[in-house]
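A quick write-up on the structure given underneath.
The values are calculated or read from the model by the stated rules, or taken from the named source; none is laboratory data. Predicted model only: the values in this text are computed from it and were never measured. Ideal geometry is used to build each Cβ from the backbone, glycine not excepted, and the neighbour counts take in all protein chains shown. The area values use the complete protein model at the heavy-atom level, side chains included, leaving out ligands, DNA and RNA. Shrake-Rupley method; radii C 1.70, N 1.55, O 1.52, S 1.80 Å.
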Amino acid sequence: MSRLDVRKAVIPAAGLGTRFLPATKASPKEMLPLVDKPLIQYAVEEAVASGIEDIIIVTGRGKRAIEDHFDRSVELEENLKGNGKAQLLSQMRHISTLANFCYVRQTEALGLGHAVLCAQRLIGDEPFAVILGDEIIDAPVPGLAQLIHAFKKRQGAILGVQEVPHHEVNRYGIVSPKTISPGVHRVEGLIEKPTPAEAPSNLAVIGRYVLPPEIFSILRKTRPGKNGEIQLTDALRELAKKSPMYALEIQGQRYDAGDKLGFLIATVEFALKNPSLGPEFGEYLQDRMRPTEGRRMTRSKKAQSRHTRKT
Ligand code: UTP
């Protein structure tokens with residue numbers, strides 16, 4: 001194994017999901033379905049499609065459903081087999097074979113930086129990826145694969161970024177960039193959730209990272225920052241002072257599915273792309289947008305009347 005092989009990914013999933021309460025009071029945010037797959041499965045599939053073999057999921061209280069999802073479900077499998085649902089059966093079995101899954105518990109939601117630190121013993125002394133499961137990236141080349149490719153070339157920590165509207169910079173970690181080629185920047189500094197006036201750019205870190213193991217010793221010393229949490233951004237700022245760090249503009253459509261509006265937009269887009277659902281759902285949406293009196297009884301309208309009940 002060379003120092004440039006990225007075999008392991010950490011998916012922090014121990015947050016409280018307060019933006020989605022009360023849905024996330026007893027169920028993990030990461031298990032919210034985007035059409036028919038939980039958010040975290042998109043993250044795992046992106047990692048696997050990017051060449052990752054070992055997936056370390058950082059969990060916490062109330063997150064058991066995540067482990068169950070990536071485990072086999074013998075009873076369900078027997079049922080599907082007995083009912084001749086072979087395709088569904090193979091899909092269900094496939095989920096548990098996607099990667100080698102390991103779980104580590106973050107006993108208190110002390111922040112993203114702390115969640116990453118919890119994975120230290122399972123990562124050891126090699127570069128690794130971090131994927132935030134509530135940021136969905138829909139791209140022909142998986143977002144993480146783009147980063148790993150750039151990491152092999154640049155040999156420094158590399159952060160996935162995209163431009164965001166200036167008035168939204170206060171929702172992200174923002175980089176201070178020195179552009180070295182189109183879409184590639186040297187990171188000269190980082191700031192977590194700045195006001196638009198404080199922000200050094202509108203390039204936001206979008207939940208994809210490839211990091212060297214040196215980040216762990218920095219995280220150990222990182223004190224709580226914004227919102228009283230141990231912020232990964234603060235540790236990255238320290239790392240950038242010691243060794244080269246880069247930001248790569250990831251090509252693809254990003255959805256912030258950790259936020260209600262972003263989640264709804266992602267749901268609509270993925271539903272429209274779904275071959276068995278898209279055409280009828282598209283018709284329904286078009287019809288829904290017409291003024292009430294102009295609405296026709298399209299197929300989707302009929303479908304809607306099948307799926308809704310008048311009281
Ligand atoms: P977020 O801030 O987006 O998620 O953290 P959250 O804290 O769960 O949600 P809100 O903001 O309260 O609605 C980004 C990622 O980091 C994980 C979250 O699970 C999410 O995937 N995280 C965050 C942890 O694992 N531990 C933490 O202490 C904080």
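Numbers below:
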| read-out | value |
| --- | --- |
| Residues located in region 63-76, provided they are farther than 20 Å from VAL44 by Cα and either open to solvent by less than 70 Å² (accessible area, probe 1.4 Å) or of a type outside the set (Val, Ile, Thr) (or both) | GLU75, LEU76 |
| Filter result (among the β-branched types (Val, Ile, Thr) and either surrounded by 23 or more Cβ atoms within 10 Å (Cβ to Cβ) or within 12 Å of the ligand (Cβ to nearest atom) (or both)) within region 7-57 | VAL10, ILE11, THR18, THR24, ILE40, VAL44, ILE52, ILE55, ILE56, ILE57 |
| Candidates LYS226, LYS221, LYS242 - the one that is surrounded by fewer than 17 Cβ atoms within 10 Å (Cβ to Cβ) and modelled with pLDDT of 95 or more | LYS221 |
| Selection count where residues are under 16 Å from GLY262 (Cα atoms) and not aliphatic (A, V, I, L, M), scope region 25-53 | 5 |
| Residues satisfying the stated conditions in region 195-236, i.e. away from the ligand (no atom under 12 Å from the Cβ) and in a helix (DSSP H, G or I) | ILE215, PHE216, SER217, ILE218, LEU219, ARG220, LYS221, ASP234, ALA235, LEU236 |
| Among residues of region 107-163, those that are of a type outside the set (Val, Ile, Thr) and part of a loop (DSSP other than H, G, I, E, B), counted | 18 |
| For ILE66: the one exception among (1) more than 20 Å from THR97 (Cα to Cα); (2) touching a Ser or Thr at 6+ places or on another chain (Cβ under 8 Å); (3) within 16 Å of the ligand (Cβ to nearest atom) | (1) |
| Hey, LEU4 more than 17 Å from the chain's Cα centre (by Cα), under 21 Å from ALA99 (Cα atoms) and more than 16 Å from the ligand (Cβ to nearest atom) or not | yes |
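Per-residue answers, yes or no, for (1) within 16 Å of the ligand (Cβ to nearest atom); (2) more than 22 Å from the chain's Cα centre (by Cα); (3) crowded, with 16+ Cβ neighbours inside 10 Å:
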| residue | (1), (2), (3) |
| --- | --- |
| GLU78 | no, yes, no |
| ARG93 | no, yes, no |
| THR97 | no, no, no |
| CYS118 | yes, no, yes |
| ILE131 | yes, no, yes |
| PRO142 | no, no, yes |
